[in-house]
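Below: the structure, in C-alpha cells.
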Amino acid sequence: MYEIRLFEETLYEIYLKEPMPGAMHQCTGQEACAVGICENLNGDDYVTSTHRGHGHYLAKEGDLNKLMAEMYAKETGCCHGMGGSLHVADFSVGMLGATGIVGAGIPISAGAGLSIKLRKTKQVVVCFFGDGASNQGAFHEGINLASIWKLPVIFVCENNLYGVSTHITSVITVKNVADRASAYGIPGIVVDGNDVLAVYEVAQEAINRAREGKGPTLIECKTYRHRGHSRFDPAIYQPKEEKEEWFKNDPILHFKRYLVDKKIASEDEIKTIEKEVVAAMEEAVRFAKSSPDPAPDSAARYTYVQEDIIL
Ligand SMILES: Cc1ncc(C[n+]2csc(CCOP(=O)(O)OP(=O)(O)O)c2C)c(N)n1
Ligand SMILES: [Mg+2]
C-alpha cells in the first residue's frame with residue numbers, strides 16, 4: 001500500500017516540476033481495495049482496471065520500474081511508452097488493461113472469464129471499477145453475462161462517493177451498489193474498503209467461490225479518494241468535514257496502527273519497509289529517466305493485437 005501511495009505522490013511532485021506526458025488519476029486513499037483483493041490472486045489470474053489503475057497494477061505484482069517508465073513514455077515502459085497512465089497493461093502479470101472508457105473493463109472481464117471457462121483452468125478475473133461506472137450499460141451487460149454463464153469473475157466496485165465532481169447520492173438511489181447484485185442473482189457484499197484485512201477476507205471467499213465454478217460476486221469497497229479526480233482537480237466540491245472524517249480512516253495509517261497495536265510489527269520495522277520503498281522509488285525514477293524513447297518508426301507497431309497474444 002505504501003508503494004502505491006508513494007508512487008503516485010512522487011509522480012504528483014514530478015508533474016509539478018517537469019513536462020510530463022498525459023494525464024494522471026490517483027488512487028490515493030483507496031490502496032487497501034487493490035491490495036486486499038490482489039493479495040489473494042495467483043500470477044496467472046487476471047485483472048481489468050480503470051483510469052485509476054496504478055494501484056491495481058502494482059498490487060498484481062506489476063513491475064515498479066516498468067510502470068514508472070510508462071509514465072515517462074519510455075520504451076522500457078510496460079506498454080513501451082504508448083499507453084501511459086490511463087492504459088497500463090501487462091499480460092505477463094495478468095493485467096489485461098486499464099482503460100479511460102468508464103465501465104469498459106466490465107464486459108472485457110466477462111470475456112476473459114469466458115475464456116477461462118472454455119479453457120477449463122482454475123483462473124479468475126478481478127474487475128475493478130468505480131461507483132460511476134455502475135450506472136453504465138456495460139455494468140448490466142457484463143454482470144448479466146457473467147452470472148448466467150457462472151463465469152469466474154469478481155466484480156469490485158471501488159465506491160469513492162464521486163464520479164468526477166458528482167456525488168453518488170445524486171445518481172444512485174439504492175443505498176449500496178452491492179444491492180444491485182440481487183438483480184443478477186449473485187452475492188453482493190459491502191466491505192470497509194479502507195480496511196485491507198476486511199477486504200482480503202471477503203475477496204478470499206468470493207475468489208474461492210469463483211474457482212469452484214459457482215460464478216461471480218459483486219464486492220463493494222466503501223472508500224474515498226484523497227486527491228481530486230485527476231491531478232488538475234482541486235476537489236473543492238468535497239466538503240471539509242467529509243474529507244476530515246475519511247482522512248482519519250486512511251487505510252495505511254489504519255493498518256500501521258493495527259500492526260503496532262497487535263505487536264505484529266514495531267514502528268521501526270515499518271520505518272525500514274518505508275525506507276526500502278523510498279529507495280525503490282528513487283531507482284524507478286532513475287531507470288525511467290535514463291531509458292530510451294520509443295523509436296519513431298515503432299509508432300504503429302502496437303496498434304493492433306498481435307496474433308500470437310492469446311489470453
Ligand atoms: C464512457 C465514459 N463516460 C464519461 C467519461 C468521463 N469520465 C472519466 S472518469 C469519470 C468518472 C468515473 O467515476 P467512477 O466510475 O466513480 O470512478 P472514479 O473516478 O471515482 O474512480 C467520467 C465521467 C469517460 N471517460 N468515459
Ligand atoms: Mg467514483
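Derivation of every value follows stated rules applied to the coordinates shown; laboratory data play no part. The model shown is predicted, which means the values in this text are computed figures rather than measured ones. Every residue, glycine as well, gets a Cβ built from its backbone with ideal geometry; the counts of neighbours run over all protein chains shown.
Here are the numbers for the structure shown:
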item: For the chain, Cys with no neighbouring Cys Cβ under 4.7 Å; result: Cys27, Cys38, Cys78, Cys79, Cys127, Cys157
item: Net lengthening on full extension, Ala299/Thr173 (0.36 nm per residue, minus Cα-Cα); result: 40.8 nm
item: Under 5 Å, built H, 5+ apart or other chain: amide partners of Val88; result: Ala98
item: Computed label-point distance, nm, for sites Asp233 and Glu205 using a 7 Å Cα→Cβ extension; result: 3.2 nm
item: Rel. contact order, % - alpha carbon contacts under 8 angstrom, at least six apart, the chain; result: 22 percent
item: Vicinal HN-Hα couplings computed from phi for the range 242-251 (Karplus, 6.51 cos²θ - 1.76 cosθ + 1.60; Hz; Gly/Pro x); result: 4, 4, 4, 4, 6, 4, 4, 9, 4, x
item: Across Lys150/Lys248; Lys222/Lys256; Lys248/Lys275; Lys122/Lys275, pairs whose alpha-carbon gap is larger than 28 Å; result: Lys150/Lys248; Lys122/Lys275
item: Rounded to whole Hz, the Karplus (6.51, -1.76, 1.60) HN-Hα couplings of the range 89-99, x for glycine and proline; result: 9, 6, 5, 5, 10, x, 8, 6, x, 8, 8
item: Size of electric dipole in the chain: Cβ of Lys, Arg +1 and of Asp, Glu -1, about Cα centre, debye, nearest 20; result: 700 debye
item: Antiparallel DSSP beta bridges within the range 2-291, as percent of all bridges there, nearest 5; result: 10 percent
item: Chain lengthening between Glu18 and Lys263 when straightened (0.36 nm per residue, less Cα-Cα); result: 84.0 nm
item: Lys/Arg +1, Asp/Glu -1 at C-beta; the range 2-291 dipole; positive extreme among Met68, Ile264, Asn208; result: Asn208
item: Per-residue [θ]222 nm for the chain (sum of -39500 (n - 2.57) over DSSP H runs n ≥ 4, rounded to 500); result: -12500 deg cm²/dmol
item: Check: the range 179-311 dipole with +1 on Lys, Arg Cβ and -1 on Asp, Glu Cβ, in debye; result: 140 debye
item: Sparsely packed chymotrypsin sites (Phe, Trp or Tyr not before Pro) within the range 206-254, loop by DSSP, other Cβ within 10 Å at most 16; result: Phe232, Tyr237
item: Dimensionless Rg ratio for the chain, taking C-alpha atoms and the 2.2 N^0.38 Å reference; result: 0.97
item: The range 198-296: trypsin sites (Lys or Arg not before Pro) in DSSP coil with no more than 16 other Cβ atoms inside 10 Å; result: Lys214, Lys262, Lys263
item: Derived scalar couplings ³J(HN,Hα) [the range 25-32; Karplus, 6.51 cos²θ - 1.76 cosθ + 1.60; whole Hz; x for Gly, Pro]; result: 10, 8, 9, 3, x, 10, 4, 5
item: In the range 176-243, GluC sites (Glu not before Pro) in a DSSP loop with at most 16 other beta-carbon atoms within 10 Å; result: Glu212
item: Distance between modelled label sites at Lys271 and Val164, nm, 7 Å Cα→Cβ extension; result: 4.5 nm
